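K.L.:
Before anything else, here's the structure in question.
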Amino acid sequence: MSFAGQPKTLPFPAYEEIRCATLNLASPLSAEDCAVQSMPDTSPVKWHLAHTSWFFETVLLAQRPGYKPFDPAFAYLFNSYYESAGPRHPRPRRGLLTRPSLDRVLAYRDHVDAAMARLLADASDAELAAVALGLHHEQQHQELILTDIKHAFFCNPLLPAYSTAAAAAHAPTVLEWRGHPGGIVSIGHAGPSSSNQDGFAFDNEGPRHPVLLQPFRIASRPVTNGEYAAFIADGGYRRSEFWLSDGWALVQAEGWDAPLYWLSDDDGQRRIFTLNGLVTPDANAPVNHVSFFEAAAYAAWAGKRLPTEFEWEAASADFAHGAVWEWTRSAYAPYPGFKPFQGMAEEYNGKFMVGQMVLRGGSVATPPGHARPSYRNFFPPPARWQFSGIRLAEDA
Ligand SMILES: [Fe+2]
């Protein structure tokens, strides 16, 4: 496997650091917690632990002569979506995998890590590029571990807290409008010489290319819980005029009247379920767990719009981001001249470029150093179990 334009060196401590970080995320959880799957979109933590190891085993270790797979059955159980790697266990049924046990999956991780240590001792440039991809892939699954266990715990009537730490309060921040003159801007990752931690970028972030923007203004911070509550109080979920047709149909079908994880007591007292358990909403915190449809409806109610992903990237140095993924008004599509990774990783991004919207920025659940201004996250418009929020824009 090779990745044109990818860096030729890798900070080796990163392998151990990132693999350990995954285990640390799972450490507050029991074996039962790790086995559960709350909906077809989510995966059990145990599956994430195994699949990230399967990725290194399949892309790297199995390509070397003499490597002995830990368990031949795992190729079927822990392949996610790679047609070129053969058939796989259906995604919606991952929660039925009570076997292998969590202990056996942890032993699988140890087996892969030991073999990877031997590989890293004399890895080729092409292998190093694949290791970098495997580590960034693992970080993506670290965020999914948190989003997926949060949803699983929300489905448990006990509403368990993932963390017993108290959530930090947010100070009020005035919303300012940051102007951009428009014109031709360069969008996309510039390649390994760029300033992100190791020069890595996913294939979907390139090639860097010119885009023509009209003058616009973009909000200095995301929409807050307090602001979103005003939308709800103004009948936001009952007034079709703010909604895209598919979104309005979903509001009706699902009975949506607030973001995911917002609950009301019998006395009307609002609570929000978080990784820290059930809390009183922080009016100054960014609104979280909204779908693209809710983001677009809120923007329409506010008399604004969502930024395109190009506006977002062009202005991204002028505002803070990284608290919530921010829905953009851009469909997830290939940039002009897009070339997928080669080998098995050809299936990594390109085949998902239909029917999804781009989110930018990163969230509190994104591992430090993982995201960058050119980073393109993507989910279908109804999805709201990710840490997804809203930044507004308007024409100048
Ligand atoms: Fe994956």
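K.L.:
Tell me the net charge near T274. Cut-off is 10 Å between Cβ atoms, T274 excluded, with +1 for each Lys or Arg and -1 for each Asp or Glu.
P.N.:
So the environment of T274 carries a net charge of +1.
K.L.:
Ok, one more. Classify the stretch 286-344 from the C-alpha gyration tensor, please: rounded if a/c falls under 1.5, else prolate or oblate depending on whether a/b exceeds b/c.
P.N.:
In terms of gyration-tensor shape, prolate.
K.L.:
If DNA, RNA and ligands are ignored and the probe is 1.4 Å, what is the ranking of Y67, Y348 by accessible area, most exposed first?
P.N.:
Descending accessible area places them as Y67, Y348.
K.L.:
Further question: Hey, what number do you get for the chain at 222 nm if only DSSP H runs of n ≥ 4 count, each worth -39500 (n - 2.57), divided across all residues, to the nearest 500? Let's see the in-between values first.
P.N.:
Numbers: 10 runs with 124 residues, N = 396.
After summing the helix terms and dividing by residue count, I get -10000 deg cm²/dmol.
K.L.:
Let me ask something else. Could you work out the Rg to Rh ratio of the stretch 131-210, with Rh taken as the Kirkwood radius (inverse of the mean 1/r over all Cα pairs)?
P.N.:
Reported Rg/Rh (Cα atoms, Kirkwood Rh): 1.12.
K.L.:
Just read off the accessible area of L144 with the full protein assembly in place, 1.4 Å probe, to the nearest 10 Å².
P.N.:
The value for L144 is about 40 Å².
K.L.:
Modelled label-to-label distance, Q342 and E17, 7 Å Cα→beta-carbon offset: nm?
P.N.:
The two pseudo-label positions are separated by 3.0 nm.
K.L.:
Show log10 I(q)/I(0) for the stretch 267-396 at q = 0.11, 0.13, 0.14, 0.20 Å⁻¹, two decimals, from a solvent-free Debye sum over equal Cα scatterers.
P.N.:
The Debye formula, applied to the Cα set alone, gives -0.43, -0.59, -0.68, -1.26.
K.L.:
What order, most packed first, do the peptides 293-299, 244-250 have when packing is the mean number of other Cβ atoms within 10 Å of each residue? Could the numbers behind the result be given before it?
P.N.:
Working: 293-299: 25.7, 244-250: 14.9.
Result, highest mean first: 293-299, 244-250.
K.L.:
Modelled label-to-label distance, T173 and A230, 7 Å Cα→beta-carbon offset: nm?
P.N.:
1.7 nm
K.L.:
Per Stokes-Einstein, at 4 °C and 1.567 mPa s, what whole-number D in µm² s⁻¹ belongs to the chain, with the Kirkwood radius over Cα pairs as the hydrodynamic radius?
P.N.:
Translational D for this selection: 58 µm²/s.
K.L.:
Same structure, new question: Quote the relative contact order of the chain in percent (integer), defining contacts as alpha-carbon pairs under 8 Å separated by 6+ residues.
P.N.:
Reported as a whole number, the value is 20 percent.
K.L.:
When we measure straight from the Cα of K46, which aspartates and glutamates land under 13 angstrom away, once same-chain ones fewer than 8 places off are left out?
P.N.:
Counting by Cα, and skipping residues close in sequence, K46 has these aspartates and glutamates nearby: E32, D33, D103, D148.
K.L.:
Sticking with this structure for a sec: What nm distance separates the two modelled labels at T98 and A396, each placed 7 Å from Cα along Cα→Cβ?
P.N.:
6.2 nm
K.L.:
Over the stretch 150-229, what is the relative contact order in percent, taking alpha-carbon pairs closer than 8 angstrom and at least six residues apart?
P.N.:
Once divided by the residue count of the stretch 150-229, the mean separation gives 33 percent.
K.L.:
Could you compute the FRET efficiency for A320 and R270, with r as their C-beta to C-beta distance and R0 at 41 Å, rounded to 0.05?
P.N.:
Numbers: r = 26 Å, r/R0 = 0.64.
E between A320 and R270, to the nearest 0.05, is 0.95.
K.L.:
Give the distance, in whole Å, between the Cα centre of the stretch 335-396 and the Cα centre of the stretch 195-258.
P.N.:
When both Cα centres are located, 13 Å separates them.
K.L.:
May I pose another question? Please list the non-local residues whose amide H lies under 5 Å from the amide H of F216, H modeled 1.01 Å from N, same-chain partners needing a gap of 5 or more.
P.N.:
Amide H neighbours of F216, under 5 Å, 5+ apart: H180, G182, A396.
The values are calculated or read from the model by the stated rules, or taken from the named source; none is laboratory data. Note that the coordinates shown come from a computational prediction; the quantities given were computed from them, not determined experimentally. All Cβ positions, even for glycine, are placed from backbone atoms using ideal geometry, and neighbour counts span all protein chains on display. Surface areas here come from the heavy atoms of the whole protein model, side chains and all, with no ligands, DNA or RNA. Shrake-Rupley method; radii C 1.70, N 1.55, O 1.52, S 1.80 Å.
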